[in-house]
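The values are calculated or read from the model by the stated rules, or taken from the named source; none is laboratory data. On a predicted model such as this, the values are computed, not experimentally measured, just so you know. All Cβ positions, glycine included, derive from the backbone under ideal geometry; neighbour counts span all protein chains shown.
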Amino acid sequence: MSRKEGVYNFAAGPAALPPEVLARAQASLADWQGLGYSLLEAPFTSDEFKALLDTTRLQVRAALAVPDRYQVVFLQGGASAQFSLVPLNLLPPTAMAGYVETGHWSARALEEGRRYGRSHVVASTRGSGFDRVPAVSEWALNESIHYCHITPNETANGVQFPGDPDCGDIPLIADMTSEFLSRPVDIERYGMIYAGTQKNLGPTGLVIAIIREDLLGQARPETPTVFNYQLLIDRQNRINTPLMFAIYLVHLMLDWIEEQGGVETLHSHNIAQSQTIYRIIDEDDFFYCPVIPEHRSIMNVCFGTRDENQQQRFLGEADAMGLANLAGHSHAGGLRASLYNAQPDAAVAALASFMTHFRQRHG
Ligand SMILES: Cc1ncc(COP(=O)(O)O)c(C=O)c1O
């Protein structure tokens, strides 16, 4: 496999993947498991694919120490589809869903959730420009709330929950798309976790969900069969053709995560990488970060130059140096460096050096 040298990719997702994983994936395109044809050509009913599904499910369980009373399921349609499928599967028609609004993606989840039932914003930081995570003690929770939806890492705004919130008996539903498998998680705090895999695990379109069993089995009658969580679990994720190659990539990424030492090791590594960039941002007034230090994301470092005119120049010069995809999300603007699990230290060092020199030249 060859590719243009000297490019570091800071995209927010789809995002950088380890070259060794890409090489393993490439090999499966010639011949998968000695079958004489590739995984792309293999039947999903084959024993080999069933074994892959089982193995990948077990890998997710092992990586996050998922307790027995939770099911792991693979879903299609991307994380955004879950904004609708969560209420269809888990929210009785007259019940109320709570939402914590901390940025672009939680706002999207709320907007879509409103189409399916009563929704209540239990806390929002919209007023302060999504610069923090509201403390659980500030959330307007009450017993009429059936579940509470959060987005622990706001990909577009660079805000990350400092830990797993404790909501007592109210099931927490978390869109962990941009932090899944980047840190250990106290799964017991959640009723359901879901994550699109295009950040830390590679493929687009695939979602991994971890669902507490007692919440299942209440899907509304109009829930499409292929998106019914309980039916998918009952039929071993094979109601229709699953995202086979995407699941294979996730399997390879889970192997890689284990080889790196697991999520604890990756977590420390991710913190160190993000601190390298935040330190430069905080050194003086040339750059700024709109998020309070305690709630800054270790996955998506969102920042800007105080002089807005410098931003386009920053992007142009960075690109010319091989530092790609540093523009902020279209709704948030500014600059963003995404530092998912697979981001090499060399990329972070190159960005840090570029930022320091850019400031010297233009500050
Ligand atoms: C936190 C979060 N949720 C949801 C999505 C949407 O994911 P998808 O494009 O898979 O629907 C994204 C995409 O960036 C995201 O970062």
query = Within region 122-131, is there a residue that is closer than 25 Å to A95 by Cβ, within 14 Å of the ligand (Cβ to nearest atom), part of a strand (DSSP E or B) and not aromatic (F, W, Y)?
reply = no
query = Scanning for something closer than 30 Å to A324 by Cα and assigned to a strand (DSSP E or B), does region 14-25 turn up at least one residue?
reply = no
Criterion violated by E179 - all others in (1) over 30 Å from A97 (Cβ atoms); (2) within 16 Å of the ligand (Cβ to nearest atom) satisfied = (1)
message = Any residue that is over 24 Å from V185 (Cα atoms) and of a type outside the set (D, E, K, R) - is there at least one of those in region 68-75?
response = no
Matching residues, region 285-330, being basic (K, R) and touching a residue at least 60 places away in the same chain (Cβ under 8 Å) = R296
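Where residues in region 146-170 are of a type in the set (V, I, T) and either surrounded by fewer than 23 Cβ atoms within 10 Å (Cβ to Cβ) or assigned to a loop (DSSP other than H, G, I, E, B) (or both), which of them is nearest to the ligand (Cβ to nearest atom)?
T155
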message = Condition (residue is more than 19 Å from the chain's Cα centre (by Cα), under 17 Å from N228 (Cβ atoms) and hydrophobic (A, V, I, L, M, F, W, C)) applied to region 76-89: is it met by at least one residue?
response = yes
query = Counting just the residues of region 72-120 that are more than 11 Å from the ligand (Cβ to nearest atom) and of a type in the set (K, R), which one comes out surrounded by the fewest Cβ atoms within 10 Å (Cβ to Cβ)?
reply = R115
note = Subset of region 258-268, residues touching a residue at least 60 places away in the same chain (Cβ under 8 Å) and assigned to a helix (DSSP H, G or I), comes to E258, G262, V263, E264, L266, H267
Only listed residue being within 15 Å of the ligand (Cβ to nearest atom) and in the same structural domain as F161 (by TED's automatic domain parsing), chosen from I233, I193, I211 = I193
query = Can you spot a residue in region 90-98 that is in a helix (DSSP H, G or I), in the same structural domain as W139 (by TED's automatic domain parsing) and under 21 Å from D169 (Cα atoms)?
reply = yes
key: Some residue of region 193-202 being in contact with an Asp or Glu (Cβ under 7 Å, 6 or more places away or on another chain) and not small (G, A, S)   = yes
